[in-house]
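Here is the structure we will look at, set down as C-alpha coordinates.
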Amino acid sequence: MAVWWQALILHCCLLLCAVSPAPISQRNKYTVSFSLTRSTRTQVQQLNRKYKEQQFGDVHFEDRSKELKELPLLSTDVESWLNLTEQERLNAAMTDMQIFWNMLERKRQQLELEGEHSTGPVRHVSLPESIALIQLELRDLMSQVSSQLSRVRSSWTEPPPPTAAVPQRPQASSEKDWDSRVEGYIILRDLDLYLVKLARDFLVLALQTDANQH
(Lines give C-alpha, C1' and ligand atoms only; values in the text may rest on other atoms or scores of the structure.)
Protein backbone atom coordinates (compact mmCIF):
# COMPACT_ATOMS: atom_id res chain seq x y z
CA MET A 1 0.00 0.00 0.00
CA ALA A 2 1.35 3.44 -0.95
CA VAL A 3 2.47 5.64 1.91
CA TRP A 4 -0.06 8.36 1.05
CA TRP A 5 -2.89 5.79 1.24
CA GLN A 6 -1.72 4.83 4.72
CA ALA A 7 -1.67 8.49 5.71
CA LEU A 8 -5.18 8.99 4.30
CA ILE A 9 -6.59 6.04 6.22
CA LEU A 10 -4.91 7.19 9.45
CA HIS A 11 -6.26 10.71 8.92
CA CYS A 12 -9.76 9.35 8.27
CA CYS A 13 -9.68 7.17 11.38
CA LEU A 14 -8.58 10.08 13.56
CA LEU A 15 -11.37 12.28 12.22
CA LEU A 16 -13.95 9.55 12.72
CA CYS A 17 -12.87 9.13 16.32
CA ALA A 18 -12.89 12.88 16.94
CA VAL A 19 -16.46 13.53 15.81
CA SER A 20 -19.28 12.81 18.23
CA PRO A 21 -21.84 10.84 16.19
CA ALA A 22 -25.61 10.56 16.51
CA PRO A 23 -26.72 7.14 17.83
CA ILE A 24 -27.92 5.85 14.44
CA SER A 25 -26.21 8.26 12.07
CA GLN A 26 -25.49 7.47 8.45
CA ARG A 27 -21.83 7.85 9.30
CA ASN A 28 -22.17 5.04 11.82
CA LYS A 29 -23.63 2.83 9.08
CA TYR A 30 -20.61 3.47 6.90
CA THR A 31 -18.20 2.69 9.74
CA VAL A 32 -20.07 -0.59 10.32
CA SER A 33 -19.64 -1.39 6.62
CA PHE A 34 -15.96 -0.48 6.90
CA SER A 35 -15.52 -2.94 9.78
CA LEU A 36 -17.36 -5.71 7.93
CA THR A 37 -15.21 -5.10 4.84
CA ARG A 38 -12.03 -5.47 6.88
CA SER A 39 -13.21 -8.68 8.54
CA THR A 40 -14.32 -10.07 5.16
CA ARG A 41 -10.89 -9.31 3.74
CA THR A 42 -9.26 -11.27 6.57
CA GLN A 43 -11.44 -14.27 5.69
CA VAL A 44 -10.57 -13.93 2.00
CA GLN A 45 -6.86 -13.90 2.81
CA GLN A 46 -7.24 -17.05 4.91
CA LEU A 47 -9.22 -18.74 2.15
CA ASN A 48 -6.64 -17.77 -0.47
CA ARG A 49 -3.88 -19.39 1.58
CA LYS A 50 -6.01 -22.52 1.97
CA TYR A 51 -6.83 -22.51 -1.74
CA LYS A 52 -3.18 -22.20 -2.78
CA GLU A 53 -2.12 -24.96 -0.42
CA GLN A 54 -4.77 -27.38 -1.68
CA GLN A 55 -4.70 -26.48 -5.38
CA PHE A 56 -0.98 -25.80 -5.89
CA GLY A 57 0.64 -27.48 -2.90
CA ASP A 58 2.29 -24.16 -2.06
CA VAL A 59 0.75 -21.64 0.32
CA HIS A 60 3.18 -19.02 -1.03
CA PHE A 61 2.17 -19.45 -4.69
CA GLU A 62 2.01 -16.09 -6.50
CA ASP A 63 1.43 -15.11 -10.13
CA ARG A 64 0.86 -11.40 -10.74
CA SER A 65 1.16 -11.74 -14.52
CA LYS A 66 -2.34 -13.14 -15.08
CA GLU A 67 -5.64 -11.26 -14.95
CA LEU A 68 -9.32 -11.95 -15.60
CA LYS A 69 -11.01 -9.39 -17.82
CA GLU A 70 -14.38 -10.11 -16.18
CA LEU A 71 -13.21 -8.75 -12.83
CA PRO A 72 -13.49 -5.05 -11.87
CA LEU A 73 -10.50 -2.83 -12.53
CA LEU A 74 -8.45 -2.22 -9.40
CA SER A 75 -6.38 0.69 -10.69
CA THR A 76 -7.56 4.08 -9.45
CA ASP A 77 -7.12 7.63 -10.67
CA VAL A 78 -6.84 9.34 -7.31
CA GLU A 79 -8.33 12.71 -8.30
CA SER A 80 -11.34 11.12 -10.01
CA TRP A 81 -11.84 8.73 -7.11
CA LEU A 82 -11.85 11.52 -4.53
CA ASN A 83 -14.41 13.48 -6.57
CA LEU A 84 -16.95 10.66 -6.82
CA THR A 85 -20.39 11.46 -5.44
CA GLU A 86 -21.94 9.33 -2.72
CA GLN A 87 -24.33 7.70 -5.18
CA GLU A 88 -21.59 7.00 -7.73
CA ARG A 89 -19.44 5.40 -5.06
CA LEU A 90 -22.28 3.21 -3.77
CA ASN A 91 -23.42 2.21 -7.27
CA ALA A 92 -19.88 1.17 -8.18
CA ALA A 93 -19.56 -0.83 -4.95
CA MET A 94 -22.82 -2.67 -5.64
CA THR A 95 -21.84 -3.49 -9.23
CA ASP A 96 -18.33 -4.65 -8.34
CA MET A 97 -19.42 -6.83 -5.43
CA GLN A 98 -22.06 -8.45 -7.64
CA ILE A 99 -19.36 -9.37 -10.16
CA PHE A 100 -17.17 -10.93 -7.49
CA TRP A 101 -20.16 -12.80 -6.07
CA ASN A 102 -20.93 -14.29 -9.48
CA MET A 103 -17.30 -15.27 -10.10
CA LEU A 104 -17.12 -16.95 -6.69
CA GLU A 105 -20.35 -18.80 -7.43
CA ARG A 106 -18.94 -20.12 -10.69
CA LYS A 107 -15.76 -21.29 -8.99
CA ARG A 108 -17.67 -22.82 -6.09
CA GLN A 109 -19.80 -24.88 -8.49
CA GLN A 110 -16.73 -25.94 -10.45
CA LEU A 111 -15.03 -27.19 -7.30
CA GLU A 112 -18.14 -29.11 -6.29
CA LEU A 113 -18.28 -30.76 -9.72
CA GLU A 114 -14.62 -31.69 -9.36
CA GLY A 115 -15.34 -33.35 -6.03
CA GLU A 116 -13.55 -30.81 -3.82
CA HIS A 117 -14.96 -31.76 -0.43
CA SER A 118 -13.73 -32.66 3.01
CA THR A 119 -12.61 -36.24 3.58
CA GLY A 120 -11.00 -38.19 6.40
CA PRO A 121 -11.95 -38.94 10.01
CA VAL A 122 -11.84 -35.27 11.03
CA ARG A 123 -14.12 -33.14 8.90
CA HIS A 124 -12.76 -29.78 7.79
CA VAL A 125 -14.57 -27.00 5.95
CA SER A 126 -14.18 -27.69 2.22
CA LEU A 127 -13.17 -25.08 -0.36
CA PRO A 128 -16.73 -24.81 -1.76
CA GLU A 129 -18.07 -24.30 1.77
CA SER A 130 -15.41 -21.69 2.52
CA ILE A 131 -16.27 -19.83 -0.69
CA ALA A 132 -19.96 -19.92 0.26
CA LEU A 133 -19.11 -18.26 3.58
CA ILE A 134 -17.34 -15.43 1.75
CA GLN A 135 -20.39 -15.07 -0.48
CA LEU A 136 -22.58 -14.63 2.59
CA GLU A 137 -20.30 -11.82 3.78
CA LEU A 138 -20.52 -10.14 0.37
CA ARG A 139 -24.31 -10.47 0.42
CA ASP A 140 -24.36 -8.77 3.82
CA LEU A 141 -22.23 -5.94 2.45
CA MET A 142 -24.44 -5.63 -0.62
CA SER A 143 -27.50 -5.45 1.61
CA GLN A 144 -25.91 -2.64 3.60
CA VAL A 145 -24.99 -0.74 0.43
CA SER A 146 -28.52 -1.22 -0.90
CA SER A 147 -29.91 0.27 2.31
CA GLN A 148 -27.51 3.20 2.04
CA LEU A 149 -28.46 3.74 -1.59
CA SER A 150 -32.15 3.85 -0.70
CA ARG A 151 -31.43 7.00 1.27
CA VAL A 152 -29.75 8.83 -1.61
CA ARG A 153 -31.89 7.52 -4.44
CA SER A 154 -35.57 7.17 -3.66
CA SER A 155 -36.22 5.02 -6.73
CA TRP A 156 -33.69 2.39 -5.60
CA THR A 157 -35.15 -1.03 -4.87
CA GLU A 158 -33.56 -4.07 -3.29
CA PRO A 159 -31.58 -5.89 -5.98
CA PRO A 160 -32.66 -9.41 -6.89
CA PRO A 161 -30.55 -12.31 -5.62
CA PRO A 162 -27.38 -12.74 -7.67
CA THR A 163 -27.76 -14.85 -10.77
CA ALA A 164 -25.57 -17.90 -10.44
CA ALA A 165 -23.06 -18.20 -13.22
CA VAL A 166 -23.22 -21.43 -15.19
CA PRO A 167 -20.16 -23.49 -14.22
CA GLN A 168 -17.77 -24.76 -16.81
CA ARG A 169 -17.26 -28.50 -16.54
CA PRO A 170 -13.66 -29.58 -15.92
CA GLN A 171 -11.61 -29.98 -19.07
CA ALA A 172 -9.60 -33.11 -19.79
CA SER A 173 -6.31 -31.44 -20.60
CA SER A 174 -3.82 -30.66 -17.85
CA GLU A 175 -3.43 -27.14 -19.26
CA LYS A 176 -7.13 -26.41 -18.86
CA ASP A 177 -7.05 -27.87 -15.35
CA TRP A 178 -4.15 -25.61 -14.43
CA ASP A 179 -5.88 -22.56 -15.91
CA SER A 180 -8.97 -23.36 -13.87
CA ARG A 181 -6.93 -23.54 -10.68
CA VAL A 182 -5.16 -20.28 -11.46
CA GLU A 183 -8.53 -18.64 -12.15
CA GLY A 184 -9.67 -19.35 -8.59
CA TYR A 185 -6.45 -17.88 -7.24
CA ILE A 186 -6.91 -14.72 -9.34
CA ILE A 187 -10.48 -14.25 -8.11
CA LEU A 188 -9.42 -14.46 -4.47
CA ARG A 189 -6.28 -12.37 -5.06
CA ASP A 190 -8.23 -9.57 -6.72
CA LEU A 191 -11.07 -9.76 -4.19
CA ASP A 192 -8.49 -9.25 -1.44
CA LEU A 193 -7.19 -6.12 -3.20
CA TYR A 194 -10.69 -4.89 -4.03
CA LEU A 195 -11.79 -5.05 -0.40
CA VAL A 196 -8.94 -2.68 0.49
CA LYS A 197 -10.36 -0.24 -2.07
CA LEU A 198 -13.91 -0.75 -0.76
CA ALA A 199 -12.80 -0.07 2.82
CA ARG A 200 -11.32 3.25 1.68
CA ASP A 201 -14.64 4.09 0.02
CA PHE A 202 -16.53 3.55 3.25
CA LEU A 203 -14.06 5.75 5.14
CA VAL A 204 -14.47 8.56 2.62
CA LEU A 205 -18.27 8.17 2.67
CA ALA A 206 -18.30 8.44 6.46
CA LEU A 207 -16.24 11.63 6.32
CA GLN A 208 -18.36 13.11 3.53
CA THR A 209 -21.49 12.42 5.56
CA ASP A 210 -20.00 14.22 8.55
CA ALA A 211 -19.07 17.20 6.36
CA ASN A 212 -22.60 17.41 4.98
CA GLN A 213 -24.10 17.34 8.48
CA HIS A 214 -21.92 20.15 9.85
Considering (1) modelled with pLDDT of 95 or more; (2) hydroxyl-bearing (Ser, Thr, Tyr); (3) in a loop (DSSP other than H, G, I, E, B), say which one residue 130 fails and leave the rest.
(3)
Determine, yes or no, whether residue 172 is modelled with pLDDT under 95 and of a type outside the set (Ser, Thr, Tyr).
yes
In the set 74, 68, 84, the lone residue that is part of a loop (DSSP other than H, G, I, E, B), hydrophobic (A, V, I, L, M, F, W, C) and within 20 Å of residue 152 (Cα to Cα) is 84
What are the residues in the range 33-62 that are part of a loop (DSSP other than H, G, I, E, B) and β-branched (Val, Ile, Thr), if any?
59
Only one of 180, 143 is under 28 Å from residue 86 (Cβ atoms), modelled with pLDDT of 90 or more, in a helix (DSSP H, G or I) and touching an Asp or Glu at 6+ places or on another chain (Cβ under 9 Å); which?
143
Only residues that are surrounded by 13 or more Cβ atoms within 10 Å (Cβ to Cβ) and of a type in the set (Gly, Ala, Ser): list them for the range 22-81, please.
25, 33
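The values are calculated or read from the model by the stated rules, or taken from the named source; none is laboratory data. None of these values were measured; they are calculated from a predicted model. FYI the Cβ positions are ideal-geometry reconstructions off the backbone, even for glycines, and counts take in every protein chain you see.
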